[in-house]
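Following: one structure in structure tokens, then a few remarks.
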Amino acid sequence: MFVNAWSPCVLPLLLATASSLFASPAAARVAQAPAAQGTPPAAPTVVEEYTSKSIDGITVRHDQSIDIPAGDFDTLLSTMRLTRSVMQNGFGLELPFEPMVTVRRVKESKRLYYTDGEDKIFLDWPTEHHIARLQLGDERVVKYVLPAYLQIWLFRSLSSSAGLDRRILESLVDYGMFIYKREVERLSPQLKAPEEPVGLGLCWYQLEQLYPGRTSFILNNIATEKVAGHRLGQKLRELAVAATEDANVGRLFDSITPTEPLFSDRELTPGTPLVAASPLRTGRLEMWNGVPLLDLAGDELTAAQRMGEFERVYLLAITRAPDNKIKREPPAIRDIDVWRLYFEFRPRVLKARDNFDYYMVLREFCSRFQDRSLGILPSPAVPVPPGSPYWSGIAGLKVERNSGRYYVARVTSDKAPAQAGITAGLEITAIDGRPPQQVLDRMAEFTRTFDSCPSQQRAEAAALNSLLAGPKDSTCTLTLRDNSKPKDKAFDVKLVRGLPPDPKAAPPSVELDVARPDKIGVVKVNNFGADCLQRFSAAFDEANRLGLKGMVIDLRGNEGVTLLEQKQRTSSALLGRLMPIDSGKVVIGNAVRRVSERFEHHLPTEIVIERLAGSKPFDGRMCVLVDAWTGGEAEWFTLGFQLAKIGVVVGRQTAGSVSAPKQFDPKLQSLVDSKLDLSLPVSTVFSPDGTVVQSVGIKPQFEVEPLPDDLRVGRDTALERAAELMLRAP
């Protein structure tokens, strides 16, 4: 039964000083140190004595070298107890574990919370500043204690940790904070009652308003059976509808979990190795549309091995990810509270059901940084990171999107789609019975959750390329409509999915097209290879010789992989080739690096471009084409092109992928137990005014989507728009 009221004995206990509970100083242990590569976490080390105090199974202790006033000590203990009472009385949940808080001096502390194998909670504040001048119910404490309680409770109810929608935990924390404030302020009549939750906790608040007591009923029902992490949201929805006998209640959970989980409900028997000598096999879970996920064959990692690897990945990630707004207390980078991040993922790693669970959780952890330069890489031993989809698709057909509708953009004449009568310009109204937007949303969400994807637009671009993917040899049913013939009805075409064709040879770094009758040239920069500057300069020399009116620099699809050995960015050299003779130096951004192992960054280094000596400027107008795949060096070029006012940018918002990867160090970045490698960033770029580019991207002056009529006749909408702008300009 849900209990709104507090037990009448709670308040006196909370406010009591309980001086008799001070324990004699005793030898104490510090939190476990990060494990060395491939080894379990080190055993706790005896350091020095602590002052301890306990009440009702909750213990607070502090290093005797730290001077904590008795009042703060008591208030911290009372706040811990009050938070647990919120769980017991507000949510109706029993917490069968005894938490402990330790306050000690730890320079550059990088984690606050951990649990051991017995489901105990340890909160480790690095200095007394975090609990100085506390008030009962202080949010500095509660924002870590409440999620810790909830996390331990939650993972006692789950059979696996892969695919757990983080919004579920966030919603419980949000609603718990509301209950907390309500009860604290009820005990202090002078305080104003809190307003209803405005975040993800609103769903639980509304449920309690409509059907009091149902939250406790639903959560305790989950605790009576083991639920797979990826099915938790669906289970919550089902229980809420059953408990209230109200189908509309299911909609309350739309904000915290999708109607279709990222993983399918069924579990498979893990497959055999894909080929005899491969460590890869299909795993026990598949994507929502049946696409298998790859796993590794071999022995299961022990919990100690998983935790050792996770500790290393965590510490490397949070001390290497560059940012220009790093916070020390609590430590934060890229607006990520890394203490909260640690206690969110550590129990998931500890409670991983098997290797597959662990790989998916590790991928999800890396993806939170929204950085292609930070993630799990293949290694010589493992050609594809486990957890990757085993894609099969439809060769010879490209799809584009316009205003939320999906069209066939290009059909290869000798492939199955063309032979089945599919032509460019047809609208796709369904894929295997699902609306295309639903398919794209699920694909993009999977990419955002498990791949180191920098931005939503980049995830959607990847999803568009994989829109027709599914299990190998399965049938893909496309529902199509010819909008040029309004009276014609939609029709179905069935195609069989197969493995992707062998990759073609890499194109040259730069290609020049001067065949357009309007005397607008197109220089396509495919990559930033060693000969890029030479080819780029030659293209503009040729444009000058031919007297072209304008040049379109096409950076679409160029992910801008950086050559780490280069002393000068290729993008800066290319921009220097375009600068007028009388131009001075132009600052186009600032590169930021981390001070290794510390929560601060080096002073930013200006990225400057200046005219490339000896080059002849181009006499015509210039324009850059970009899309959601444009990243890295290509984005640095685009940013400089805009800021130096060389011309205009046309297309779609770029990828937001401007962090540069670190030169690989196997001693630092090899995960021996998993046979995988870890990619780490070394620097990132900000605009001169400090505006973030990483995970945001660069917005073009003229945003352009492909038009259905253009697709039908094979016309490039963005290119034609760029040419039009240059020809119109005075």
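Numerical summary
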{"quantity": "Given charges at Cβ of Lys, Arg, Asp, Glu: the chain dipole, positive-most of VAL696, LEU285, VAL522", "calculated": "VAL522"}
{"quantity": "Per residue convex hull volume, Cα atoms of the range 541-628, in Å³", "calculated": "140"}
{"quantity": "Directionally averaged shadow of the range 641-730, computed from the convex hull of its alpha-carbon atoms, nm²", "calculated": "10.0"}
{"quantity": "Long-range HN-HN contacts of THR684 with modeled amide H, under 5 Å", "calculated": "VAL592, ALA660"}
{"quantity": "Base-10 log of normalised Debye intensity for the range 498-543 (one unit scatterer per alpha-carbon) at q = 0.17, 0.33 Å⁻¹", "calculated": "-0.57, -1.17"}
{"quantity": "Considering only the chain, percent of DSSP beta bridges that pair antiparallel, nearest 5", "calculated": "70"}
{"quantity": "Dipole magnitude of the range 42-152, debye to nearest 20 (Cβ charges: Lys/Arg +1, Asp/Glu -1, about Cα centre)", "calculated": "280"}
{"quantity": "Rule-of-thumb Rg ratio for the chain [Cα; 2.2 N^0.38 Å; N residues]", "calculated": "1.07"}
{"quantity": "Gap separating the Cα centres of the range 159-230 and the range 475-531, nearest whole Å", "calculated": "48"}
{"quantity": "Assigned charges on the beta-carbon of Lys, Arg, Asp, Glu; the range 326-449 dipole about Cα centre (debye)", "calculated": "220"}
{"quantity": "Estimated translational D of the range 124-221 in µm²/s (Stokes, Kirkwood radius over Cα pairs; 20 °C; 1.002 mPa s)", "calculated": "141"}
{"quantity": "Inter-centroid distance (Cα atoms) of the range 633-665 relative to the range 574-609, Å", "calculated": "12"}
{"quantity": "The range 187-309 - Rg (one decimal) and Dmax (whole number), Cα, Å", "calculated": "20.6, 73"}
{"quantity": "For the range 330-391: Kirkwood Rh in Å [reciprocal of mean 1/r, alpha carbons]", "calculated": "13.0"}
{"quantity": "Average projected area [Cα convex hull, the range 656-696], square nanometres", "calculated": "3.5"}
{"quantity": "Which of TRP629, TRP288, TRP391 is most accessible, then next, and so on - probe 1.4 Å", "calculated": "TRP391, TRP629, TRP288"}
{"quantity": "Rg/Rg_ref, the range 556-711, where Rg_ref = 2.2 N^0.38 Å and atoms are Cα", "calculated": "1.17"}
{"quantity": "Ranking by accessible area, most exposed first, for LEU727, LEU239 with a 1.4 Å probe", "calculated": "LEU727, LEU239"}
{"quantity": "5 Å-binned pair-distance histogram of the range 457-520 (Cα, whole percent)", "calculated": "3, 11, 10, 12, 15, 14, 14, 13, 6, 1"}
{"quantity": "Estimated Rh, the range 44-124: Kirkwood, alpha-carbon pairs, angstrom", "calculated": "13.8"}
{"quantity": "Karplus 3J(HN,Hα) series, Hz, for the range 594-605 with 6.51 cos²θ - 1.76 cosθ + 1.60 (x for Gly, Pro)", "calculated": "8, 7, 3, 6, 10, 8, 7, 10, 5, 4, x, 9"}
{"quantity": "Distribution of pairwise C-alpha distances over the range 396-524, 10 Å bins, in %", "calculated": "11, 34, 33, 19, 4"}
{"quantity": "Kirkwood estimate for the range 344-432, i.e. one over the average of 1/r between Cα atoms, Å", "calculated": "16.7"}
{"quantity": "Global geometry of the range 592-659, whether rounded, prolate or oblate, following the gyration tensor of its Cα atoms and the 1.5 cut on a/c", "calculated": "oblate"}
{"quantity": "For the range 73-173, the spread of Cα positions along each principal axis, largest first, Å", "calculated": "39, 31, 25"}
{"quantity": "For the range 467-612, the Rg and Dmax computed from alpha carbons only, in angstrom", "calculated": "23.1, 66"}
{"quantity": "Karplus-derived HN-Hα couplings along the range 192-201 (A = 6.51, B = -1.76, C = 1.60, θ = phi - 60°), whole Hz, x at Gly and Pro", "calculated": "7, 4, x, 6, 4, x, 10, x, 5, x"}
{"quantity": "Whole-Hz couplings from phi, Karplus 6.51/-1.76/1.60, listed for the range 723-728; x for Gly and Pro", "calculated": "4, 4, 4, 6, 6, 6"}
{"quantity": "Ranked packing of 483-490, 512-519, most packed first, by mean Cβ within 10 Å", "calculated": "512-519, 483-490"}
{"quantity": "Whole-Å semi-axes of the ellipsoid equivalent to the range 177-227 (Cα gyration tensor, √5λ, descending)", "calculated": "26, 12, 10"}
{"quantity": "Charged-residue dipole, Cβ positions (Lys, Arg, Asp, Glu), the chain about Cα centre, Debye nearest 20", "calculated": "1060"}
{"quantity": "Other-chain or far-sequence residues with amide H under 5 Å of ILE121's (modelled H)", "calculated": "GLU98, MET100"}
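The values are calculated or read from the model by the stated rules, or taken from the named source; none is laboratory data. Worth saying up front: this structure is predicted, and the values here are computed from it rather than measured. Don't worry about glycine lacking a Cβ; one is built from the backbone with ideal geometry, like all the others, and counts go over all protein chains shown. Surface accessibility is based on the protein's heavy atoms, side chains included, excluding ligands, DNA and RNA. Shrake-Rupley method; radii C 1.70, N 1.55, O 1.52, S 1.80 Å.
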